[in-house]
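What follows is calculated from the coordinates using simple rules that are stated; it is not laboratory data. None of the values given here were measured: they were computed from a predicted structure. In this analysis, Cβ positions are derived from the backbone assuming ideal geometry, glycine residues included, and neighbour counts consider all displayed protein chains.
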Amino acid sequence: MAQPFSPIRGHRFLIYGALITMELLRVWYVIAGARANGNGLMNIIGRCWSTWRDGTRDFLLAIGTIVLVVVTTRALVFLLGSWSPDTAFMLPTNFAESTGWIVLSITGGICEEVAYRGYLQRQLWAFTGSLPVAVCLQAVAFGAVHLYQGWKPVVVIVVIGFVLGSVAAWRRSIIPGTIAHCIMDILGGVIGG
């Protein structure tokens, strides 16, 4: 039996390109806003590596973050029940698409961490005077931009945002969360696809 025609089939690269462009524009806007207020990208990123030990610590923290996210999300799926992802049409189906997915995942992971945990969380902290409140609010904002996926995935995404925000607040850097975010997104598409 012939496959039904799908306007999306074969157009994943266009979707990936559009999403990469939107992520880069968001980060450009964030950086432009930060520079207008006398800050730069390094203020958004936070503590960087001075020694190889810093890098090792951040990679290990990223692995721990991934483990925490996996355990937490599996518990939430158990509590909420499973669902079919509305984004399955985006998942790669061959090697070339997997390569495009990896580029999208790295771009998205970096850009979302810069925007939500690097910039928004710091702004909310300055506005509310409370780091815990800022971590919670940025997680809700992060989940809200994923409403198109349905309420169950949004609950999971809010929790992921909370974990990533907590790691950024504790480490005073978005680097461990960025590494974790990129790896989770890559694996979610390549293994899930």
- Could you line up 105, 98 from fewest to most neighbouring Cβ atoms inside 10 Å? 98, 105
- Summed residue charge, Cβ within 13 Å of residue 42's Cβ, Lys/Arg positive, Asp/Glu negative: +4
- Query: Where the centroid of each part is defined by its Cα atoms, how far is the stretch 19-52 from the stretch 149-163 in Å?
  - Reply: 24 Å
- Query: If we count every other residue with Cβ under 12 angstrom of residue 60's Cβ, Lys/Arg +1 and Asp/Glu -1, where does the sum land?
  - Reply: +1
- Item | Inter-label distance, nm, simple model (7 Å from Cα along the C-beta direction), residue 89/residue 144 | 2.6 nm
- Given the rule -39500 (n - 2.57) for each run of at least 4 DSSP H residues, summed and divided by the residues of the chain, what is its mean residue ellipticity at 222 nm, to the nearest 500 deg cm²/dmol? -23500 deg cm²/dmol
- Fewest-first ranking of 160, 186, using other Cβ atoms within 10 Å as the exposure measure: 186, 160
- Task: Give me the number: length gained by fully extending residue 78 to residue 190, i.e. 0.36 nm times residue separation minus the C-alpha to C-alpha distance, one decimal in nm.
- Result: 38.0 nm
- Message: Tell me the relative contact order for the stretch 52-190 as a rounded percent, counting alpha carbon contacts under 8 Å between residues six or more apart.
- Response: 38 percent
- Task: Give the residue from 42, 88, 61 lying farthest towards the positive end of the charge dipole for the stretch 9-129; charges sit on Cβ (+1 for Lys and Arg, -1 for Asp and Glu) and the dipole is referred to the Cα centre.
- Result: 42
- Here the net charge surrounding residue 23, from other residues whose Cβ is less than 13 Å away from its Cβ (Lys, Arg +1; Asp, Glu -1), is -2
- Task: Using a 10 Å cut-off on Cβ atoms, rank the peptides 79-88, 115-124, 26-35 from the highest mean neighbour count down.
- Result: 115-124, 26-35, 79-88
- Dipole moment magnitude, nearest 20 debye, the chain about Cα centre, only Lys, Arg, Asp, Glu C-beta charged: 340 debye
